[in-house]
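Structure first, then comments.
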Amino acid sequence: MASSSPPSGSPPSGSPPSGSPPSNTPILSIIIPVWNRAETIRACLASIVAPPSDAMAWELVVVDDGSTDGSPQAIRDAFRDLGLEARARLIEQANAGPGVARNTAIAAARGHFIACLDSDDLWLDWTLPTILDLLRAEDAPDVAFLQQDAFADGAPLPPVEQAPRKVVRYRNYLDAFLAEGTGTMFGGCNLVARRALLQEIGGFPAELRCYEDIDLFLRLPLELKMDVALQPVLFRYRNTPGSLTSSFDAARTGLSVLRQSEADGRYPGGPGGVRARTIFLARVAQWTVMNGWLNKRYAASYGLFLRSIPEFALNRCRRFLIRYHQHIVRHIMKRSIGRADTTD
C-alpha cells in the first residue's frame, strides 16, 4: 500500500539516525560487481558524477569476480583516468557469482547506505545527487529502487530528460512490486539500502546465480520505509545478450530455491502466510517459463508451465495462461510448415 506518511516499522538496529552521518563516514557506498566487462566498465564508472560539494559523501567499491578478459586492469586504468583512485577500491576474487561479489563489496563498504550498480549499466548526471538528497532527508528510506530506462547493447543512446522528482513510499517490497503503474524494475542493479539492514538479513544468497536479488528482497521485513523513485530516470539498463538473467537453467534453479524457501518458512510471515508473496512467486514462475521459451527451450519451458498451472490459476495469472497457450499454438503451426526451431 502506498503511503504519504512513514509506516509503523522502525529502522533496523545498527542504522544511523536520519540526517547526515559524521563527516568522516561516507553516506553512500556504491558497489559494482564485475565479471568480464572490460568493454563496458569505463563507461559505467564515468557515469558516476557528483558535484564538488559531495566529495566526501560517497565511496566506490568494485569487486572483480574472477574475470578472464582483463577487467581488473581496465578498472584500475579507469580509476586513474577518471580521478577516482582516492575514493575507489578494487577487490579481486575467484568467480563465485553476483551475489557473493556484492556481499564482498558490502562487507568492505563503509557507507551507511549501499547503492548497487551493474558494470554494464549507466547512471545519469543527476543520479548520485538525487540519491544523496533522498538519504540526507529526515525521513530517509530503509530501501529504495531507482527508475530505469532500458537500451540495447551497442545501440545509440537517446537523450533522457531530467523530469521533476516523484517518489512514492510503500510499507514493504511486495506492496511496491505489486502496485500498478510504477513501470519500475526491481532488481539488484537499481537497489539502494541501509548497509546494516542488508547485513542483518544475511546479504545475497551465495548459492544462486539468478534470482539472488529476489531472495534477498523476500527476506526484507514486512514493515519498513521503502521508496520507489518514479521519476526522473536514474539509471540506464543495458540489455546484454548472454547475461545471467537470460539463462534458463540458472533461472529454473533460482525459482526452485525460492519455492523451497517459501515452503521452509525462511521468509517473514511463514510458509504461505503472506498472500502477496504467493502472487509474487507465481509472477517469478511466469518470468522463468517465458525465459525458457525465448531461449528456445520449448519442451522444458512447457514442462515448467504444466507443473506451475495450479499456482498460476490461483494467483491472478489467468491472462498469462491464455497468452502462453497462444505461443504454443503459433509454435505448432510453424513446426507444421517446417519453420520452427525445435531446440531444447
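Among the residues of the stretch 306-336, which ones are crowded, with 16+ Cβ neighbours inside 10 Å and assigned to a helix (DSSP H, G or I)?
Result: Ser308, Glu311, Phe312, Phe320, Tyr324, His327, His331.
Among (1) crowded, with 23+ Cβ neighbours inside 10 Å; (2) more than 20 Å from Val233 (Cα to Cα), there is one condition Met56 misses while meeting the rest; what is its number?
(1)
Give me the pairs: first residue in the stretch 79-90 and touching a residue at least 24 places away in the same chain (Cβ under 8 Å), second residue part of a loop (DSSP other than H, G, I, E, B), beta-carbon distance under 6 Å, and six or more apart or on different chains, which are they?
These pairs meet every condition: Phe79/Glu85.
Within the stretch 56-92, track down each residue that is within 14 Å of Asn36 (Cβ to Cβ) and in contact with an Asp or Glu (Cβ under 7 Å, 6 or more places away or on another chain).
Matches in the stretch 56-92: Asp64, Ser71, Pro72, Ile75, Glu92.
Between Asp64, Asp77, which is assigned to a strand (DSSP E or B) and of a type in the set (D, E, K, R)?
It is Asp64.
Which residue is surrounded by the fewest Cβ atoms within 10 Å (Cβ to Cβ), if the candidates are limited to the stretch 273-305 and must be in contact with a Phe, Trp or Tyr (Cβ under 8 Å, 6 or more places away or on another chain) and of a type in the set (Gly, Ala, Ser)?
Checked the stretch 273-305; the qualifying residue surrounded by the fewest Cβ atoms within 10 Å (Cβ to Cβ) is Ala300.
Do we find a residue being of a type in the set (Asp, Glu), part of a helix (DSSP H, G or I) and either at pLDDT 95 or above or more than 23 Å from Leu198 (Cβ to Cβ) (or both) anywhere in the stretch 224-247?
No - not one qualifying residue is present in the stretch 224-247.
In the stretch 59-75, how many are out of contact with any helix residue (DSSP H, G or I) (no Cβ under 8 Å at 6 or more places or on another chain) and either buried (at least 23 other Cβ atoms within 10 Å of the Cβ) or over 21 Å from Leu28 (Cα atoms) (or both)?
Residues flagged as out of contact with any helix residue (DSSP H, G or I) (no Cβ under 8 Å at 6 or more places or on another chain) and either buried (at least 23 other Cβ atoms within 10 Å of the Cβ) or over 21 Å from Leu28 (Cα atoms) (or both) within the stretch 59-75 amount to 7.
The values are calculated or read from the model by the stated rules, or taken from the named source; none is laboratory data. Note that the coordinates shown come from a computational prediction; the quantities given were computed from them, not determined experimentally. No Cβ is skipped: glycine too gets one built from the backbone with ideal geometry, and neighbour counts run over all protein chains shown.
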